[in-house]
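The values are calculated or read from the model by the stated rules, or taken from the named source; none is laboratory data. Remember, it's a predicted structure, so these values are computed and weren't measured experimentally. As a convention, Cβ positions derive from the backbone with ideal geometry for all residues, glycine included, and neighbour counts pool all protein chains shown. Surface areas here come from the heavy atoms of the whole protein model, side chains and all, with no ligands, DNA or RNA. Shrake-Rupley method; radii C 1.70, N 1.55, O 1.52, S 1.80 Å.
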2 protein chains.
Amino acid sequence: MTAVAKTQEPTVVNGINVDDLFGLIEEVKQDPAKGATRWRVATTWQGQARSRAEITGFGIGGEQVDRRFSIDVDEPVELGGTNRFANPQEYLLAALNACMTVGYAAQCAVRGITLEKLEIETEGDIDLRGFLGIDPAVANGYESLKYTVRIKGDAKPEQFAEVHEAVMATSPNFYNVANPVALKPDLVVE
Amino acid sequence: MTAVAKTQEPTVVNGINVDDLFGLIEEVKQDPAKGATRWRVATTWQGQARSRAEITGFGIGGEQVDRRFSIDVDEPVELGGTNRFANPQEYLLAALNACMTVGYAAQCAVRGITLEKLEIETEGDIDLRGFLGIDPAVANGYESLKYTVRIKGDAKPEQFAEVHEAVMATSPNFYNVANPVALKPDLVVE
C-alpha cells in the first residue's frame, strides 16, 4: 500500500481553520442572512461600584447558540470601588484589543502567514471633570487611544502592513470605538 | 455620659461613600490635574482566537496605582474559537453596562436615593459581511445598541428620569461608544 494524500486534512494556520473561514465567507456571500449576529449582555448591580454581566447566548444566521459566561467589574478604591476586578474603562480596552487580535490572527491565516507573537498595548486618558459633572465641555471618555501592535512571524514588513490595514478596515470593535454607535435606552422604573 | 452624635460618621448611600465622592469633586474643581486618569491594557495572543489582557495599574492625578487583573477572551466555535470565554463584542457590552451601573449608583447616591435593584440589558446586531471583508459598505460593528434599564428604589419616576439623563450625560463608556474615539496605532514588526 502506498501513502495516499490526505485531501480532507483541513488547512490550519495560527490555530484557525482556514477552510472553515473561507467556507463561512462563501456561505455569507451566497446568503447575507447567514452573517447576521446578535449579541446580548445582562448586567446586575452587585452593590457599591460592582456589577456582574451575564451572557446566555448569541445569535448567528437566525439561530440562537447557548453559552454561559459571567464578567465581574469593579472600580479602584480611588474611584469609590473595592478594586476586586478590573474597571469598565479597562474592560473596554481589553474588548478592543481582543477583537483586533482575532483580526490579526485571521488576516494572517488567510494569507498563509504563521504568527510567532502578537501583542497589543493600548492606553488612553480620561479627564474626570466629565464623569464628575464639573465641566460639560470636557469629554467624558477617551478622546483618543494610542495603541502599539508588536507582531512577529514569517512575513515581510509590507505584508504585515497590509494585514494591519485590513484589521483596521474590518475589526468590529475598532469600528465600535472609532465610530459613533447610536445608543437607544429604555428606562423602566419598577 | 450621654450619647454624642457621631458627626464623623461618613454618609454612605448604595455602598458609596458620598462624603468621599463630594470630596473628590471639590478636589478636582480646585485642581483639574487631580482628575486626570490614565488607563492601559496589554493584550497577548494566546493562539487561535484567544487573548489575555493584563492590567498592571492605572494613573490618577499623576500618580500610578498598582493593581493586577487578567481578562481572558475567546470566540464562539461558530466564529472559529473554542468558546472558553466571552467574546470581544460581549466584553464591550459588559464594559458599557458596568460603567452606566456605576453612574446610576453614584448619581442616585449623591441625591440620597437608595437603590433596591438595578439591571441593564443591552443588545445589538453585527453583520459579518463587514468583518469577513465581503462588502465594505456594511458597518463592521454595531450601528446601534438598544438597552433597557430596570431600576427600583426610594425615588419618584421623575427623579429616576433625571438620574437617567445624568448618566447619559456623564458616563465615560457611554461617551466612548456613542462618540468617535480617535484610534492611533503604531505597528512594530519584530
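Pull up region B:137-168, narrow it to residues that are assigned to a loop (DSSP other than H, G, I, E, B) and aliphatic (A, V, I, L, M), then point me to the one that is most open to solvent (accessible area, probe 1.4 Å). Looking at residues that are assigned to a loop (DSSP other than H, G, I, E, B) and aliphatic (A, V, I, L, M), I get B:137.
Here's the yes/no breakdown for (1) open to solvent by 80 Å² or more (accessible area, probe 1.4 Å); (2) farther than 23 Å from residue A:74 by Cβ; (3) in a helix (DSSP H, G or I):
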residue: B:19; (1), (2), (3): no, no, yes
residue: B:33; (1), (2), (3): no, yes, yes
residue: B:53; (1), (2), (3): no, no, no
residue: B:56; (1), (2), (3): no, no, no
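Could you tell me whether residue A:125 is of a type in the set (D, E, K, R), more than 7 Å from chain B (Cβ to nearest Cβ) and either more than 30 Å from residue B:137 (Cα to Cα) or touching a residue at least 24 places away in the same chain (Cβ under 8 Å) (or both)? Spelling it out, it is not the case that residue A:125 is of a type in the set (D, E, K, R), more than 7 Å from chain B (Cβ to nearest Cβ) and either more than 30 Å from residue B:137 (Cα to Cα) or touching a residue at least 24 places away in the same chain (Cβ under 8 Å) (or both).
If we scan region A:105-126, do we find a residue that is farther than 23 Å from residue A:166 by Cα and open to solvent by 20 Å² or more (accessible area, probe 1.4 Å)? Yes - at least one qualifying residue is present in region A:105-126. When the criteria are applied in full, residue B:160 fails the requirement of being closer than 17 Å to residue A:132 by Cα and aromatic (Phe, Trp, Tyr).
Checked against (1) more than 7 Å from chain A (Cβ to nearest Cβ); (2) in a loop (DSSP other than H, G, I, E, B), residue B:134 meets all criteria but (1).
Only residues that are more than 7 Å from chain B (Cβ to nearest Cβ) and in contact with a Cys (Cβ under 6 Å, 6 or more places away or on another chain) were counted across region A:137-190, and they come to 1.
Filtering region B:156-190 to residues that are farther than 30 Å from residue B:35 by Cα and not β-branched (Val, Ile, Thr) leaves B:156, B:157, B:158, B:187, B:190. Could you tell me whether residue B:92 is more than 7 Å from every other protein chain (Cβ to nearest Cβ), of a type in the set (A, V, I, L, M), under 20 Å from the mean Cα position of the chain (by Cα) and open to solvent by less than 10 Å² (accessible area, probe 1.4 Å)? Taking the combined requirement at face value, the residue does not satisfy it.
Evaluating residue A:72 against the criteria (1) under 20 Å from residue B:118 (Cβ atoms); (2) touching a strand residue (DSSP E or B) at 6+ places or on another chain (Cβ under 9 Å); (3) open to solvent by 40 Å² or more (accessible area, probe 1.4 Å) leaves one unmet condition, (3).
Specify which of the listed residues (B:87, B:83) is more than 7 Å from chain A (Cβ to nearest Cβ), touching an Asp or Glu at 6+ places or on another chain (Cβ under 8 Å) and polar (S, T, N, Q).
B:87
Taken as a whole, the structure leaves residue B:82 outside the set of residues that are open to solvent by less than 10 Å² (accessible area, probe 1.4 Å), polar (S, T, N, Q) and closer than 30 Å to residue A:170 by Cβ. The condition of being open to solvent by 30 Å² or more (accessible area, probe 1.4 Å), at pLDDT 95 or above and within 7 Å of chain A (Cβ to nearest Cβ) holds for residue B:38.
Residue B:112 passes every criterion in (1) of a type outside the set (A, V, I, L, M, F, W, C); (2) assigned to a strand (DSSP E or B); (3) more than 8 Å from every other protein chain (Cβ to nearest Cβ) apart from (2).
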